[in-house]
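Report on the following structure.
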Amino acid sequence: MISFRIFLCHYIDQQDQQEVQILNQLQEQLLVGGAEIVLYPGAISEEGFFTFLASELATCQWFICVQTPQASRSPQMRIAVNSALKLIAQRQLQGASRLILTEDQQGDMPEEWAAIPAFDATQDAARALVKLRLALTAKQTVPSSPVAPSVSPPILPSSPEYDRPIATKPVARRGVGKNQPASNNGLASLSKPPARPFVQRNWSQLLQRKNSRRDFTMGLSIVAGMVLGGGIAVVGELVFGGQRAPAASSAGGLGAQTSNPGTTLTIYSGHSAAVAAVAWASDGLTLASAGDDKTVQIWNGRNGQRLLTYREHTASVNAVAWAPVSWFAPSQLIASGGGDTTVRIWSAPDGITHVIYEGHEAQVNSINWSPGGAVIVSASYDNTVQVWSAGDGSKILTYTGHRDVVHQAVWSPGNNLIASASGDGTVQVWEPLNHGALDRTYTGHKGSVNALVWDPNEGIIASGGSDGTVQVWQISNGQSLFTCTGHTDAVTALAMSPDGRFLVSGSADKTLRVWDAWNGGQKVLVYQGHSAPVYTVDWSSSGPYIASGGKDTAVRLWEGEA
């Protein structure tokens, strides 16, 4: 455990995706370790800065400076570092660390910064972050954690026709995550917090964990060994068992091909019941599908070969998600969840289960990895959204702001917000790093909100509802931009093209529709091929390819807009 209250200051280039990703991973790893973070963003008013520094720095035990050229030249950053060094000399601060994010070719780093132990992330960020966390952990003792009172599960709602049957909690349960303490955030404060000149992230208050030393379980132990032992390479497509899998049988391989626009390019036939979820891996070439037959199946998206079938769930599998490409969660990891109320993290090449999370009281509807890959958010029929560590399955936060089933919850691309869609007719955007404080509520659908998706550029969010519409909202002000109409039944799934221009929606009317989000939601294409309601869609990152699945048991591959 990292029981420090850490003052983390940075001044990064928000347009530099590599710098943003490394900073996100650093914060997530401190969260997983149990730290409480006070975050100084490096660019606030002079008056706000001095007030913030005076009130917060002395309350911390450790100081971390993320070094970039902008940070080296920032007067406020220099004052912050010098203040930390002074407190260390006075033994009011235990120590400091410096993470070098970008080489400063002009050599503007202040001389006094050289006294702070440095971890160089310019060549190997993964190794630097592992070493930094190891260094912090070595200086800690494990604090005790209070156990939160249990909460009675809510009454489950009725299931509309296009939903799969609701599965209740099984009698016997086992695995990591059982009886984990949870904070019931979202009950007390459901209004946007007052504006403040800085962002404060109190990680340890969110992270109520068991009194144990599971600091480096599945996630970090595997990755530390890989990283420190020689690194991880993910190129092109996933490798199963060191070689490409043999050709699949006709029951599980390529079913049909066609070049006619608006029709199915490929049909993957392998599930014996409804397909509830599809997800492309980060390579854009490997596809996972999950269904009511209790299986997750992995496919080679280029030739339709079925590479693996995962059979560890004991009820329908409603959600599946690949880990993002990051040093913490290699892209071979998959999370899946469903009617048995569990979420399982397992490796795609061999089907070995690493973590079982059992925090929900009813079936799991959606799973989404944080951008850095260290934390997972899951939504359930128990009316909650839960945030938990992918490393050991320990619960971090329970959000209970919805009054009905939560169909989907997704992280924002910027890693600081979560949006959740519910049967109560709302989309709620909230702050997982601020005790689940509600940021904004979007209302406009007539009935349940079944699906949502963030714009990759984080400018808009789209939602689909049982009223058959897709509504697109402006993130900055919460205003509705436009509504896409055309479906004749409930919208059950949404996905967006990698550039954020096109939306694809799946519906209980058996069709998929593609909309141009840059041109007021103009309808571009209609796909007709499913013989029953569509439950799931996903857009590949490698090209204009859309995967869909539904009640007819088929996984279909379509060609979308480039």
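Taken over segment 457-470, the criterion of being closer than 16 Å to G506 by Cβ, within 23 Å of the chain's Cα centre (by Cα) and of a type outside the set (V, I, T) is satisfied by A462, S463, G464, G465.
In the set (1) at pLDDT 95 or above; (2) over 20 Å from A493 (Cα atoms), the condition left unmet by R440 is number (1). For G95, the conditions (1) modelled with pLDDT under 85; (2) surrounded by fewer than 23 Cβ atoms within 10 Å (Cβ to Cβ); (3) under 17 Å from A118 (Cα atoms) all hold with the exception of (1). Restricting attention to segment 334-352, the residues that are in a strand (DSSP E or B) and surrounded by fewer than 24 Cβ atoms within 10 Å (Cβ to Cβ) total 2. T483 fulfils the conditions (1) over 24 Å from V555 (Cβ atoms); (2) assigned to a loop (DSSP other than H, G, I, E, B) except for a single criterion, (2). From the residues in segment 80-131 that are in a loop (DSSP other than H, G, I, E, B) and acidic (D, E), which one is farthest from the chain's Cα centre (by Cα)? It comes out as D108. Of the residues examined, G304 is one that is under 25 Å from G550 (Cα atoms) and in a loop (DSSP other than H, G, I, E, B).
Scanning segment 471-494 for residues that are crowded, with 21+ Cβ neighbours inside 10 Å, outside the structural domain of V20 (by TED's automatic domain parsing), touching a His at 6+ places or on another chain (Cβ under 8 Å) and hydrophobic (A, V, I, L, M, F, W, C) turns up nothing. Does I79 fit the bill of being touching a Pro at 6+ places or on another chain (Cβ under 6 Å) and modelled with pLDDT under 85? Judged against the criteria, I79 is not a match.
Of all residues in segment 56-78, those being outside any helix (DSSP H, G or I) and of a type in the set (A, V, I, L, M, F, W, C) number 6. Listed by first and then second residue, the pairs with beta-carbon distance under 8 Å, at least 6 apart or on different chains, first residue in segment 317-328 and closer than 19 Å to A374 by Cβ, second in a loop (DSSP other than H, G, I, E, B) and modelled with pLDDT of 90 or more, are W322/A281. Of the residues making up segment 357-369, those that are assigned to a strand (DSSP E or B) and either within 17 Å of the chain's Cα centre (by Cα) or surrounded by fewer than 20 Cβ atoms within 10 Å (Cβ to Cβ) (or both) number 7.
Entry remark, segment 486-522: residues being part of a loop (DSSP other than H, G, I, E, B), within 22 Å of S541 (Cβ to Cβ) and not polar (S, T, N, Q) number 4 in total. The set of residues in segment 498-541 being surrounded by fewer than 21 Cβ atoms within 10 Å (Cβ to Cβ), within 20 Å of the chain's Cα centre (by Cα) and among the small types (G, A, S) consists of G500, S541.
Give me a count of the residues in segment 395-414 that are touching a Gly at 6+ places or on another chain (Cβ under 7 Å) and polar (S, T, N, Q). Of the residues in segment 395-414, 1 are touching a Gly at 6+ places or on another chain (Cβ under 7 Å) and polar (S, T, N, Q).
Scanning segment 327-336 finds one or more residues that are modelled with pLDDT under 90, aromatic (F, W, Y) and either at negative phi or not assigned by TED's automatic domain parsing to the domain that holds L129 (or both). Of A273, A279, A290, A315, all but one fail to be outside any strand (DSSP E or B), modelled with pLDDT of 95 or more and closer than 24 Å to S531 by Cβ; the exception is A273.
The values are calculated or read from the model by the stated rules, or taken from the named source; none is laboratory data. All of these numbers come straight from a predicted model, not from anything done at the bench. Here Cβ is always computed from backbone atoms with ideal geometry, including for glycine, and neighbour counts include all displayed protein chains.
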